[in-house]
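The values are calculated or read from the model by the stated rules, or taken from the named source; none is laboratory data. Everything numeric in this text was worked out from a predicted model, so none of it was measured. Here the Cβ positions follow ideal geometry from the backbone for every residue, glycine too, while neighbour counts run over all protein chains shown. Heavy atoms of the whole protein, side chains included, go into the accessibility calculation; ligands, DNA and RNA do not. Shrake-Rupley method; radii C 1.70, N 1.55, O 1.52, S 1.80 Å.
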Amino acid sequence: MRINQARGHEEQGNVYPVIPLRDVVIFPSMATAILVGRQPSVNAVERAIKADKNLVVVTQRNASVNEPGPDDLFSVGTVVKIFHHLNLPDGTIKVMLEGVSRARILDFLEEDNCFSARVKEIEVDDRDTREIEALMRRVEYLFTDYVRMNPRLPNEVLLSIQSIEDRSVLADTIAAHLLVHNDEKQRLLEAVDIEERLMALHRILTEELQLLKVEKDIDEKVSSQVQKTQRELFLHEKMRAIKKELGQEEDGEEYTDLKRKIRKAGMSREAEKVSYREYERLKMMSPMTPEATVVRNYIETLTSLPWRKRTHDNLDLAQVKAKLDADHYGLTKVKERIVEFLSVVKLVGNLKGPILCFVGPPGVGKTSLGHSIADALGRSFVRVSLGGIRDEAEIRGHRRTYIGSLPGRIIQMMRKAGSKNPVFLLDEIDKLGADFRGDPSAALLEVLDPDQNKHFSDHFLEVEFDLSEVMFITTANVIHPIPPALQDRMEVIRLPGYLLHEKIAIAQRFLLPKQMQQHGIKPAQLRISDTTMKDLIQFYTREAGVRNLERELASICRKVARKLASGGDAKGVRITRKNLEGYLGVPKFSDSEIDEHESVGVATGLAWTEVGGEILNIEVTLMPGKGDIILTGQLGEVMQESAKIALSFARNKARMLPLENDFFSSIDVHVHVPEGAIPKDGPSAGVSIATALVSAFFDIPVNREVAMTGEVTLRGKALPVGGINEKAVAALRAGVKKLLLPKGNEKNIKELPEEVRRGLKIVVVESMDQVLEYALTKKLDWGVEHRRRLGGFFGSQSRKSAN
């Protein structure tokens with residue numbers, strides 16, 4: 001539908017989407033954030049984003065109109081550019097706009113459920129005369145007084161206009177900061193002539209300054225009355241001090257100090273009411289009674305909490321990212337999440353603290369990352385270790401009916417933090433226990449719920465305390481011990497094990513300089529090349545993190561420090577591949593975890609543990625017996641079931657061989673998964689066990705450079721499993737060349753590190769037939785020659801069965 005069609009042919013112009021504004025006028029060169037909620041406006045933003053990100057903003061004549069039409073809008077608006085937008089969960093859009101130029105509306109168009117308009121951009125008259133120069137100086141002088149007298153404007157506004165040389169831009173900037181009615185600002189926007197605009201600014205600033213002076217006079221009158229009250233209070237305190245010097249002071253200083261703390265604590269109304277009530281009770285008690293000690297401790301706890309104290313976030317995104325990069329190598333997803341959080345805070349102004357859960361093997365930097373995040377944001381940092389906690393009171397505190405009762409760990413750490421928006425690290429949340437004293441994980445449900453922790457209630461305090469501004473970070477090695485309800489409240493970010501090149505970089509940038517400093521070694525006195533560091537990692541450590549690597553570096557530093565202290569090697573020590581063994585002893589590991597030779601009945605599987613990914617060398621052997629299956633290696637119930645399913649599949653495959661009907665009742669199958677002392681469970685070894693069984697039945701070796709993971713079904717389907725990232729990293733570290741993954745895990749391949757995708761040939765399989773095709777060194781063959789070659793074990797067993 002075209003509106004004001006008659007005017008549309010008078011002038012030519014550009015067509016832009018239109019957003020009506022309620023309570024704001026946007027000037028050219030002005031950057032501002034607005035929240036777009038009305039559907040036509042949302043459609044206009046989305047249309048602009050798809051195009052060139054330009055649109056027109058026009059102020060409504062009446063802000064109370066919810067569905068404005070062309071007659072409800074002014075005829076002059078501003079062409080703006082969208083340079084950032086954020087879609088919020090409630091369907092609204094937060095957009096950052098920058099004014100480009102004034103624009104006169106020629107006609108309106110209504111297309112695709114949003115307004116568009118044909119506009120003509122207005123060129124402002126920016127002539128330079130002595131009168132305009134003098135008028136500009138006068139406006140700047142008046143605006144300086146206006147900012148200094150107006151408490152609602154920060155002095156930084158004056159700094160922002162000092163660098164502006166363009167008169168039109170300077171006039172628009174001053175107009176944008178004026179705290180006046182929108183009608184006045186609209187008239188300034190419509191003033192194209194620079195002299196007319198400056199005269200209007202001069203008039204408005206003069207009127208506003210007169211009003212501010214009247215307000216100042218009123219404030220001074222009120223202040224004089226307050227000063228009189230403060231003077232009386234000061235004299236009372238002075239008289240109290242004189243009495244104390246004369247020995248006439250009554251025993252009430254402690255109570256006075258306690259009352260002053262209550263008054264200055266800035267508590268909530270409920271907490272302040274309870275504090276004064278307990279204060280009156282305390283004055284009535286004998287100081288020697290145990291109850292008085294409990295009450296006094298309670299009041300002091302309330303007054304020491306940061307009810308309104310908060311630190312200011314560092315909103316310099318580049319600086320925050322640089323700080324995180326300087327402290328930790330890699331961990332891209334975590335850093336991106338923190339920068340995203342700050343970006344939203346910067347746009348919105350305030351946001352509930354996120355609740356993050358870092359899940360990863362030991363030594364990858366989960367705990368130290370919490371320190372770095374707090375330093376980067378400029379927040380306080382507190383940490384609580386949850387490992388082994390079994391009592392709910394450790395979280396919620398003890399009730400004050402008990403002598404010696406204390407608040408819970410949450411309130412204690414908030415008291416220590418000294419601000420209501422710290423970074424709060426809950427370490428080892430997967431190690432929480434539960435017994436007859438309660439379940440601490442249930443108590444954490446309220447703490448880690450953004451919609452509930454604003455009203456957190458500790459048993460000791462018995463008043464609500466706001467935790468909504470706290471950034472909670474939890475850490476865990478594995479996610480499955482954490483109750484599902486608690487998992488649902490956290491944003492899980494997985495930290496996989498480090499790759500070889502990442503470990504080398506971490507060792508050279510962080511670990512080695514740290515150990516050298518701790519051992520008093522100067523940078524020039526110890527040098528370890530990247531090639532030597534690579535050998536150290538491969539032959540002396542076998543881990544997902546870098547803790548053992550740091551221990552080995554510490555061992556080298558101790559030996560180097562001994563040499564330096566003894567007067568030897570004054571020029572420094574250089575660790576090379578040749579002398580590395582002299583510092584650390586014989587290598588603890590080989591460069592590959594997989595078998596050196598291809599074997600029958602041995603397949604390479606993958607496991608996901610608390611310490612990261614691991615290689616499983618699954619072994620199968622056949623022997624005369626009674627048809628039993630022997631499972632060793634401390635296999636759990638799920639893994640035992642996987643082995644039985646794999647055996648059923650392999651037996652079904654072996655039926656294609658020329659065997660007697662009672663053949664399988666005359667042999668035993670032994671499945672062993674080293675290392676025998678370590679418990680193992682889970683369905684992900686099903687594909688590996690089935691491959692090893694088929695290899696043993698058909699006497700065909702398994703390719704030693706192929707590793708696999710996946711659950712197997714009786715029909716031979718390969719089902720998806722978890723921990724693909726960790727398993728893939730372990731496979732690459734072990735020297736595997738080809739990795740077989742179930743079809744259902746194909747989506748996880750994109751999330752693998754680039755080095756893993758380059759170092760491994762990843763093959764997606766849907767069934768065991770495909771697995772066997774890639775894993776076995778030879779194809780399954782049912783021809784006469786193949787049957788004759790398989791005579792050995794199967795032929796002898798068949799003859800025994802026939803006899």
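The apolar share of the surface of the range 421-500, taken as the fraction of accessible area on carbon and sulfur atoms (1.4 Å probe, ligands and nucleic acids excluded), comes to 51 percent.
With a ≥ b ≥ c the root eigenvalues of the C-alpha gyration tensor of the range 20-114, is it rounded (a/c under 1.5), prolate (a/b larger than b/c) or oblate?
rounded
Work out the P(r) tail for the range 307-437: percent of alpha carbon pairs separated by more than 27 Å, whole number. Show your work: numbers first, answer last.
Working: 2392 of 8515 pairs.
Pairs farther apart than 27 Å: 28 percent.
From the P(r) of the chain, could you give the percentage of C-alpha pairs in the tail past 37 Å? Intermediate values should be presented prior to the final figure.
Working: 210707 of 322003 pairs.
Counting pairs separated by more than 37 Å, the tail of P(r) holds 65 percent.
Give me the accessible area per residue for the range 552-646, probe 1.4 Å, as a whole number in Å². Numbers along the way, then the final one.
Details: 5260 Å² over 95 residues.
With all protein chains present, the range 552-646 gives 55 Å² per residue.
In Å², what does the accessible area per residue of the range 668-767 work out to with a 1.4 Å probe?
Values: 3780 Å² over 100 residues.
About 38 Å² of surface per residue is accessible.
Quick one: accessible area per residue over the range 6-87, 1.4 Å probe, rounded to a whole number of Å²? Here the residues of the range 6-87 average 49 Å² of exposed surface. To put it simply, the accessible area of the range 131-186 at a 1.4 Å probe is 48 percent carbon and sulfur. Applying the criteria of a DSSP loop state and at most 13 other Cβ atoms within 10 Å to the chymotrypsin sites (Phe, Trp or Tyr not before Pro) of the range 123-227 yields no site.
Taking 17 Å as the straight-line reach from the Cα of K680, the aspartates and glutamates in range (excluding those fewer than 8 positions away in the same chain) are E610, E614, E619, E637, E641, E711, E726.
Note on the range 12-114: with charges restricted to the Cβ of Lys and Arg (+1) and Asp and Glu (-1), its dipole about the Cα centre is near 360 debye. Largest first, the three principal axis extents of the alpha carbons in the range 126-188 are 34, 26, 16 Å in whole numbers.
May I ask you to work out the translational diffusion coefficient for the range 461-606 at 4 °C, viscosity 1.567 mPa s, via Stokes-Einstein with Rh from the Kirkwood sum over Cα pairs, reported in whole µm²/s? Don't skip to the end; give the middle numbers.
On the way: Rh = 19.0 Å.
Result for D is 68 µm²/s.
Sorting R758, R102 by accessible area puts them as R758, R102; the probe is 1.4 Å, largest comes first, and only protein heavy atoms count.
Taking only C-alpha pairs under 8 Å that are 6+ residues apart, what is the relative contact order of the chain in percent? Let's see the in-between values first.
Values: 1396 pairs, mean separation 59.1, N = 803.
Result for the chain is 7 percent.
Rounded to whole numbers, the Karplus 3J(HN,Hα) couplings from phi for the range 377-386 are 7, x, 9, 5, 10, 9, 9, 10, 8, 9 Hz, using 6.51 cos²θ - 1.76 cosθ + 1.60 with θ = phi - 60°, and x at Gly and Pro. Give the cross-link partners of K283 among the aspartates and glutamates, using a straight C-alpha distance below 16 Å as the criterion and excluding same-chain residues fewer than 8 apart. Cross-link targets: E250, D251, E253, E254, D257, E291, E300.
Could you compute the net charge surrounding V602? Neighbours are other residues with a C-beta less than 10 Å from the C-beta of V602; K and R count +1, D and E count -1.
On the way: positive: R704; negative: D595, E598, E619.
Here the charged neighbours net out to -2.
Quick one: which of K261/K420; K261/K346; K352/K750; K323/K750 span more than 25 angstrom between C-alpha atoms?
Details: K261/K420 18 Å; K261/K346 34 Å; K352/K750 31 Å; K323/K750 28 Å.
In this structure, K261/K346; K352/K750; K323/K750 exceed 25 Å between Cα atoms.
Across q = 0.10, 0.20 Å⁻¹, the range 520-623 modelled as identical point scatterers on its alpha-carbon atoms has Debye log10 I(q)/I(0) values of -0.42, -1.05, in the order of the q list.
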